Amino acid sequence: MDKTRRLLIIGAVVAFLALVFGQTAVVLYTDWLWFKSLGFSLLFTRVFNIQALLGLVFGLVSGLLFYLNGIFAQRWGGPVVLGSGEYLQFSAMDRLSGNIPSLIKGASILIGVVMAFYGAAQWEPFLNFFYGVPFGKSDPLFGHDIGFYIFKLPFIEFLFGWLFRLLFVMFLATLGIFALRLQIVLSPQGVDFRLPAKRYLILFGTAFFVIMAGYFFLARYDLLYKSRGVVFGAGYADENGLLPALNVMVAISLGTAGAFFYNFFRYNVKAIYGTLAAFAGIYLLGIHIYPMALQRLVVLPNEIAKETPYLMRDIAATRAGYGITSVEERDLSATASLTPESLARNDLTIKNIRLWDHQPLLETYGQIQEIRTYYKFLSVDNDRYYINGEYRQVMLSPRELSYDDLPSRVWINEHQIYTHGYGLTLGVVNQVTREGLPALMIQDIPPVSKTNLKVDRPEIYFGEIDNDYVFVNTRLKEFDYPSGEQNVFTRYEGRDGIPINSVLDKALWALRFSSLKTLLSTDITPGSRILFDRNVYSRVKKLAPFLRIDRDPYMVISGGRLYWLIDGYTSSDLYPYSRRVKGGGNYIRNSVVAVVDAYNGNVEFFIKDAGDPIIRTYANIFPGVFKPLSAMDGDLQNHIRYPHWLFRTQASIYATYHMTEPQTFYNKEDLWEIPGSLRAKDVQMEPYYTIMRLPGEDKEEFILMTPFNPSKKDNLAAWMCAKCDPKEYGKLVVYRFPKQKLIYGPRQIESRINQEPEISRQLSLWDQRGSNVIPGTLLVIPVEESLIYVQPVYLKAETGQIPELKRVIVAYENSIAMEETLEQSLARLFGTRIPTTASAAVSAPAGEAVANLGESAWRHFENARRYLKEENWTAYGEELKKLGDVLKKLKEKK
């Protein structure tokens, strides 16, 4: 009966292991087919081979060392000699001690398997250790190249961690063996270690302190990432107190190891206790007490003087780590006033002011352009195109297929018939219909274009929605798009997909996706293909798990086809002296852009930052995977944009680290912050894309920008932009306002808008009539050396779902206007219709011009009266001056 039960248990274990490892083998093989189909088999085989090698080496070495230690410990003590009172304990241990060899074998296998997985997971540090390229810069404390810390140190620390873990497990196993062999027994006086056990454990003590010497040696490098006081990285107390103490502890640890080894031959328990007490005392004094005393008694009373050299290291390293060393700073006088003529010179800037926020636009697209319930717009992307010869910013959204919203979610529909989304919706950022809806340049199914942009291949098989696997080119027709009461069907003509040529192939995929219907389906025939991992983010992340992939892919129209562009980052948290940010490490570069064909699914990686040592290391590890940016299609290059996430991170760092003088940095005299909003005080303003002519530049360009406030103030201190067009891509520029002049910030403008009687009355009236007023994002728009502020106002019926753009608020200096269009608001502010390059030659009718001037005069008069009541004499004088200018123009008209 016992034999039968044992066979059943063994059979169940074998079946379980076969199921687990069989499923793993299927996943590995099908993943290899997937990598191979995309032309990236090297990415799979190189990683898999290194994982297998490391797993084998660390598994075998760990298991073997554990086994040899167990066997040696079993034989170490010799025959058991019982003392008085130990017979009862012996009878309890006697039966177990005979199983020690079997227990050692089983435990060795288990330890080997665990350490194999632990070692295999270190494939990336291992490859970086051997392929890492130098940075060409050294840290100021130890003089090592930065590459040592990023590429070499992680694997060295892993080796020490592995040795310590293995030693600890072997120590516990040895204690168990000695307990079974009665080398460790319980006595009335407590736990009694026999002399053979004591000597053997002394060897463990020797090994432990040798490892501790290595630990203290490596701990010196941790000082480069330590934050004590005002400095990130090693400060005065660390370099002059803690670092010498760590060096001493290296020697003390080796000395302690030597003392333990000496006691192996001449055992003296008092000497061992004395050695341990000396070690603990020196550790406590040198590692904790002395550096703390140095910090409090020497550094804090003279902190600026003592920490200045270390602050300089912190500032330089942080600016280098986040790529903000070469930021160009330009000063603005903020003295020139805007006129209709200056706005006309910047007409392309005005035309590209974004009037649609992402969320209202997404809701509107969803209501007017989803066409069918199973289509979804997941996100809105900002880009720029030449629309009928003019450089314009656009907002577009791909129309993807949502399986959750299919009318019938049967297996055939989800995996064979409904396979792809279709087309996109595109509009310029500031054009609105009479109904307050976005004016669309590309719309409907099939795509109808009102511009020179055409979409010839609108099918979206690969997108942002997490859709499941599909089979194409089966006996069933694929749904393409709806056409009235009928549906149009198609067959997949792309290159992606893994062929299914036999029943064995069908069985393979049935196992992979745990789908019996795949195996039983008669519609899947030789020539059919399977597409999976169709989410573009997951697709790129699976190919390059060593990169940080941006979670905001954006779609581009090029040559009539649809492509996804996805930014990839190399990052590390081991750049010496560079301050760390949560979730971002302390070194970040946008080194890669991936291009995914929305129809074919093929992926290409291009190097955006060839000077980054990390991406050069990966290019060495995986030759041929990363192509130079020059190999990218020229039209696609024109649509590369500076990543939003990277810019936001750099801006938040620059808000502090623009202060490069140590004393200014220490006192935080010129600390900036990214503005918040009155509606969400703790939420920072998001950077935004726009097309504008930068001050002092000759041509409009696509940029990403954000403003800065002085810390705990609401006025503006500066604004920062990243250039996105190819000629100067990635250049960061900061424009600083004079400190002696008040420049309104977003929160101040929002407050003034809320206090404007006419605007407040109109918004309250809409609210009372059951409509939901949605204030849009307040945009700060630089025009030459001045600023205008633009805020759209959306209206949504209480029971409706379509936000409509109803008003545009524009603020300039002390004036605010709210009209139905941006042009009308600008005309009200500046006293006349704003001419543009297209209409400057045509003068406005005399009656209309006089009416505009009269309206402007009345507005300045009302503003002057309000400032008089508020006793704001500066603003009062400015309004009277503007009123006088308008009256002069009225006189000229007559």
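Among the residues of segment 667-692, those that are open to solvent by 60 Å² or more (accessible area, probe 1.4 Å) and over 22 Å from the mean Cα position of the chain (by Cα) comprise N667, K668, E669, L678, R679, K681.
Kindly establish whether N240 is touching a Phe, Trp or Tyr at 6+ places or on another chain (Cβ under 9 Å), open to solvent by 40 Å² or more (accessible area, probe 1.4 Å), of a type in the set (S, T, N, Q) and closer than 30 Å to P662 by Cβ. So N240 does not fit the description; no.
Only one of the numbered conditions (1) at pLDDT below 90; (2) closer than 30 Å to Q684 by Cβ is violated by L787, and that is (1).
Being open to solvent by 40 Å² or more (accessible area, probe 1.4 Å) and out of contact with any helix residue (DSSP H, G or I) (no Cβ under 8 Å at 6 or more places or on another chain), is that true of even one residue in segment 584-600? Looking through segment 584-600, none of the residues is open to solvent by 40 Å² or more (accessible area, probe 1.4 Å) and out of contact with any helix residue (DSSP H, G or I) (no Cβ under 8 Å at 6 or more places or on another chain).
Of the residues making up segment 617-661, those that are basic (K, R) and surrounded by fewer than 20 Cβ atoms within 10 Å (Cβ to Cβ) are K627, R648. Among the criteria (1) open to solvent by less than 40 Å² (accessible area, probe 1.4 Å); (2) modelled with pLDDT of 95 or more, the one S138 does not fulfil is (1). Taking segment 789-824 as the range and being part of a helix (DSSP H, G or I) and among the polar types (S, T, N, Q) as the test, only Q824 passes.
Residues that are within 17 Å of L646 (Cα to Cα) and of a type in the set (A, V, I, L, M) within segment 575-609 comprise V581, I588, V592, V593, A594, I607, listed in sequence order.
Check A173, A197 and return the single one that is out of contact with any Leu (no Cβ under 8 Å at 6 or more places or on another chain), at pLDDT below 85 and either in a helix (DSSP H, G or I) or under 12 Å from N69 (Cβ atoms) (or both). Residue meeting the stated conditions: A197.
Within segment 465-493, being assigned to a loop (DSSP other than H, G, I, E, B) and among the acidic types (D, E) holds for D466, D468, E485, E493.
Applying the condition of being crowded, with 22+ Cβ neighbours inside 10 Å and in contact with a Leu (Cβ under 8 Å, 6 or more places away or on another chain) to segment 423-446 and asking which residue is farthest from I530 (Cα to Cα) yields N430.
Among the residues of segment 308-329, those identified as among the charged types (D, E, K, R) and open to solvent by 50 Å² or more (accessible area, probe 1.4 Å) are R313, E328, E329. Scan segment 270-302 for residues that are surrounded by fewer than 17 Cβ atoms within 10 Å (Cβ to Cβ) and in contact (Cβ under 8 Å) with a residue 60 or more places away in the chain and report the count. The number of residues fulfilling the criteria is 2.
Determine, yes or no, whether L704 is in a loop (DSSP other than H, G, I, E, B), under 21 Å from I788 (Cβ atoms) and touching a residue at least 24 places away in the same chain (Cβ under 8 Å). For L704, the condition - in a loop (DSSP other than H, G, I, E, B), under 21 Å from I788 (Cβ atoms) and touching a residue at least 24 places away in the same chain (Cβ under 8 Å) - is not met. What are the residue pairs meeting all of these: first residue in segment 37-54, first residue within 23 Å of I500 (Cα to Cα) and modelled with pLDDT under 95, second residue of a type in the set (D, E) and open to solvent by less than 30 Å² (accessible area, probe 1.4 Å), Cβ atoms under 6 Å, and 6 or more apart or on different chains? Pairs found: none.
Please pick out the residue among L224, L203 that is in contact with a Pro (Cβ under 6 Å, 6 or more places away or on another chain) and either not basic (K, R) or not in a helix (DSSP H, G or I) (or both). Matching residue, one of L224, L203: L224.
For segment 369-418, the set of residues classified as touching a His at 6+ places or on another chain (Cβ under 7 Å), open to solvent by less than 10 Å² (accessible area, probe 1.4 Å) and of a type in the set (A, V, I, L, M, F, W, C) consists of L401 only. The residue of segment 801-819 that is modelled with the lowest pLDDT, among those that are over 17 Å from L343 (Cβ atoms) and open to solvent by 30 Å² or more (accessible area, probe 1.4 Å), is Q801. Report yes if some residue within segment 531-540 is polar (S, T, N, Q) and outside any strand (DSSP E or B); otherwise report no. For segment 531-540, residues polar (S, T, N, Q) and outside any strand (DSSP E or B): present.
Checking each residue in segment 133-142 for being closer than 27 Å to Y310 by Cβ and assigned to a loop (DSSP other than H, G, I, E, B) picks out P134, F135, G136, K137, D139, P140, L141, F142.
Among residues of segment 425-455 being in a loop (DSSP other than H, G, I, E, B) and of a type in the set (V, I, T), the one that is farthest from A598 (Cα to Cα) is T433. The set of residues in segment 96-125 that are surrounded by fewer than 17 Cβ atoms within 10 Å (Cβ to Cβ), under 14 Å from A52 (Cβ atoms) and small (G, A, S) contains only A121.
The values are calculated or read from the model by the stated rules, or taken from the named source; none is laboratory data. As the structure is a computational prediction, the values presented were derived from the model and not from experiment. Every residue, glycine as well, gets a Cβ built from its backbone with ideal geometry; the counts of neighbours run over all protein chains shown. Accessible surface areas use protein heavy atoms only, side chains included; no ligands, DNA or RNA. Shrake-Rupley method; radii C 1.70, N 1.55, O 1.52, S 1.80 Å.
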